Structures are given as C-alpha cells and as structure tokens.
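Here the structure comes first, spelled out in structure tokens, and everything after it is commentary.
The values are calculated or read from the model by the stated rules, or taken from the named source; none is laboratory data. The structure displayed is predicted, hence computed values, not measured ones. Counting neighbours? That spans all protein chains shown, and the Cβs are built from the backbone with ideal geometry, glycine included. Heavy atoms of the whole protein, side chains included, go into the accessibility calculation; ligands, DNA and RNA do not. Shrake-Rupley method; radii C 1.70, N 1.55, O 1.52, S 1.80 Å.
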Amino acid sequence: MDQNLLPPPGGRYAPSRRGVLAAAGAVGITASLASVLPVRVAFADTPGRTLVILSLRGGMDGLNALVPGADPNYAGLRADIAIPTGQLISMDRTFGLHPAYASLRPLLDAGKVAAVPAAGLLDNSRSHFQDTFELEIGGDGQGSGYLTRLLSVLSPGSAFRAVQEGGSLPTAYLGATEALTLNGIENFEASGWGESAAEQAATSTALGALFAGTDAARPYARGVATTLAALAEGREIAAKPYTPADGVTYPDEGLGRALQDIARLIKVGSGVRVATLETGGYDTHVGQGGVTGTLATLQKRQADSIAAFFADLGTKAADVTLVTIQEFGRRADTNGNGGTDHGGGGVMFVIGGGAVGGVHGQWRGLAPDQLDDHAVPVLNDYRNVLGDAIRWLGMSQAQLGTVFPGLTYTPVGVTAA
C-alpha cells in the first residue's frame, strides 16, 4: 500500500492528492463501499452544466487558426504560410477560420463557435513554464489554482465532479481539492490491491473503515472517500461497453479518446462539472506550414475531435461548453525556418451549449505600431473569457471574485446566461 495513504503518529500529515490517487485504481471495487464511507458520494441527481477546458500546450499560432485575412498587413507578415482568403471559413469581415476547422461548420452555423483574438495572460513572459504556471494560478500571489478555487464555490457533487483526462493534474488544480486523474475510465484501477475482485473489495473496505469515524472530516479522509467512491462508480461505468452516437467517429488518438471518455462520463450522469484535458505539439518554430502542414494537421485533429464530442453528446450538448486555452500565441511574422516564434496574444475558442457565436473582444490589427515586439499584444484578459464561461456555469460575480481575486471582471460576451 502507498505510504501516503497512512497518516503518521498523531494524524497531522495530510497526504498529497496524487498520493491518494496513485494508490487508487482497479475498477474492481464493489458498490457496498457506501456502508463504510464517511460520506456518500454517488451519481448526481441533476448533473447540471459542465465546463470543459482544453489546454493547447506549446502556444498555438492564433493567426493561423482565427485568420485576419482582410488585414492589409497579414499576407506580408506571414510570407509563405499565409492562408489565402478564398479558403477561409468566414467568421466576420476581418476574420475567418483556417480550412482545417471545416468539421466545426455545423456548430458554426448553429452559432455555437465563439472566438476571441489577442487573448491571453496580460503580463506574459513568452516562457512556456512561467506563463503556464501564471495562467493556471490565475492571479498574483495565489497559493492555489483557479480551478481549485472554482470548485470551492461550486455546490458539492459526485466523485467525478472534477476530472483531468490524461497526464497529471495541472497547476490549475493546485491546492486542497478532490479532482480525479483519468486515462480513460476503462483504465481507472488500483494497482497493488490484489488480483481478484474480492481482494480489491476487502482492501477498499479496510481503507474506508480506517478513515471513517473521528478522522472522517480531515482533508485526507475526504480524499480517500472520494477516491473509493470514484473507483466503485468507475467499475459501474466501465462494465457497460460504450458506443458513440450513430454516425460519430472520434479521431483515434489522444485528444479524440480523451474527449470520448468525457462524453461518456457526461452521458451516464456521473456528475462531471469541470473536465480538463490537454494536447501538445503547438510549439511550431520550424516547418509550421500554411493550408497544409504540421500545424494544419494538429488543427484538423483538434476540430474533428471537438466536432465528434458535441455530436456524440446529442441533446446534452446544450449543457456543455468547451474553452480552449494556451500559454501564449506566436509572433505575427515568420522566422527563417518556416515557423513562428513565441509571441503574446493568441486565440481562445468557446464552443458548445453556452457559446454566443462570432468574434468577440478587442482587436487592433497587424499594423507595425499595433504590435508588441513583432507580436499581437494581449488585449483580452483570458480570465474575462473564462469568467464568462464560469458565470454560465451558474456562478455569481461575487463567486467569480473568489476564482480570480483582484480581477475587475469585464464580460467579453462569449457566453449566454
């Protein structure tokens, strides 16, 4: 058993969330856990709305996604990677989507694709590590991630209230929160808990009893309870084979599989309120490409996965909103290697049930005197874009102040109430 699950003498040590979850795992935990858990964590009766946050690691080139094709400076800055205006998917008089986003047309036509150019971290450093950290902390001097603070003001829910698909928990979950890391519900299992279902059930029962009673209110006890309940529910979900809705095919790669798993959890009513996932490869310093090429391939995969996700959700799509986020955008001009270097403002997409279609936020164009060291400046604080999405979840403006302390919230208009 992982020693992080056991408190030292006196019981004062709060184990890490990752320590608890690392020992958790096998889907072979029985539903009888309810009798030994200090709290009952079960499927939510009314799951409510769900916010999905997709991180595009590496800094996607916003000018190659939401393309300002009508800007007179665009073609000259982009050299041989410029997208011909005739191939853009029209958004408004200035902007069009890269043709790789063609699979989003049904959502676009339904007014469910919103885009914000020049969006990001106001004081970005153009450092992947530093800007990702600052972005996910969500404010100067904070000791927790912004999603941890969001969960603190959301109403209590199921064991699957907050999930990260793939990888480890991002900094956005830093702090005392009960978020689960999944690599597909089929793989959510506890290693080292015995080979048989009976052995696994005995281990889970023992752990439930160990952290019940007077210890039940301690943070680590709640974490254990959530983990055990999640394992029980995970077995229940995984026991039923999943087939996407008729006509829906997800890309058979990481992002597609992760979004399919999130759709599955939402559709069975597991109570997901916040889901996070990430996809990489967007640090395109070399050989970025234009209409086709490295970046276009990534963007098509991104669009196809998102389109499949919302088609799969069916009527439940009305209660799900997906937001894309990245640490920074790219420079407006190309470098000598057929790519783009680290810049400032990028693009954020808000897609799905809560989205108000169109291009939103401030934009000043690509004239030389409007650029910041050859890059689009950040004109739209990413926290305001997320703020719109969080308000759509049902949060008050006062609660939003808990999520982003110090922010003077200015609605961008990307979501409806």
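Once you have a ≥ b ≥ c as the square roots of the Cα gyration tensor eigenvalues for segment 100-164, tell me rounded if a/c is under 1.5, and otherwise prolate or oblate according to whether a/b is larger than b/c. Mind dumping the intermediate values first?
Details: a/c = 2.60, a/b = 1.22, b/c = 2.13.
Cα axes put segment 100-164 in the oblate bin.
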How much length would be gained if the chain were fully extended between residue 245 and residue 416, taking 0.36 nm per residue of separation minus their Cα-Cα distance, in nm to one decimal?
58.9 nm
At residue 373 and residue 80, where each label point lies 7 Å from the Cα along Cα→Cβ, what is the point-to-point distance in nanometres?
2.8 nm
May I ask for the angle, rounded to the nearest 10°, between helix 294-313 and the longest principal axis of the chain, with both axes built from Cα atoms and the value confined to 0 to 90°?
50 degrees
Using a 7 Å offset from the Cα along the Cα-to-Cβ direction at both residue 168 and residue 209, what is the distance between the two label points in nm, to one decimal?
3.4 nm
In terms of the alpha carbon gyration tensor, root eigenvalues a ≥ b ≥ c, rounded if a/c is under 1.5 and otherwise prolate when a/b exceeds b/c or oblate, segment 46-167 is oblate
For the chain, I need the span (max minus min coordinate) of the C-alpha atoms along each principal axis, in Å, sorted largest to smallest.
69, 48, 41
Could you work out what % of the accessible surface of the chain is carbon and sulfur, using a 1.4 angstrom probe and leaving DNA, RNA and ligands out of the count?
51 percent
If one computes the Cα centroid of segment 112-158 and of segment 354-388, what distance in Å separates the two points?
16 Å
Counting only DSSP beta bridges with both partners in the chain, the antiparallel fraction in percent, to the nearest 5, comes to 40 percent
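Taking only protein heavy atoms and a 1.4 Å probe, what accessible area per residue, in Å², does the chain have with all protein chains in place?
Accessible area per residue: 40 Å².
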Segment 265-291-segment 162-187 distance, computed between alpha-carbon centres (Å):
14 Å
Using Cα-Cα distances under 8 Å and only pairs 6 or more residues apart, what relative contact order does the chain have, in percent?
31 percent
Subtracting the Cα-Cα distance from 0.36 nm times the residue separation, let me have the gained length for residue 110 to residue 70 in nm, one decimal.
12.0 nm
For segment 148-299 the mean separation of alpha carbon contacts under 8 Å (6+ apart) over residue count, i.e. relative contact order in percent, is 30 percent
Using the beta-carbon distance between residue 285 and residue 398 and R0 = 35 Å, what value does 1/(1 + (r/R0)^6) give for FRET efficiency, to the nearest 0.05?
0.20
Which length gain, in nm to one decimal place, applies between residue 93 and residue 316 when the Cα-Cα distance is subtracted from 0.36 nm times their residue separation?
77.0 nm
Where a label projected 7 Å from the Cα of residue 292 along Cα→Cβ would reach, residues of segment 246-281 with amide N under 14 Å:
none
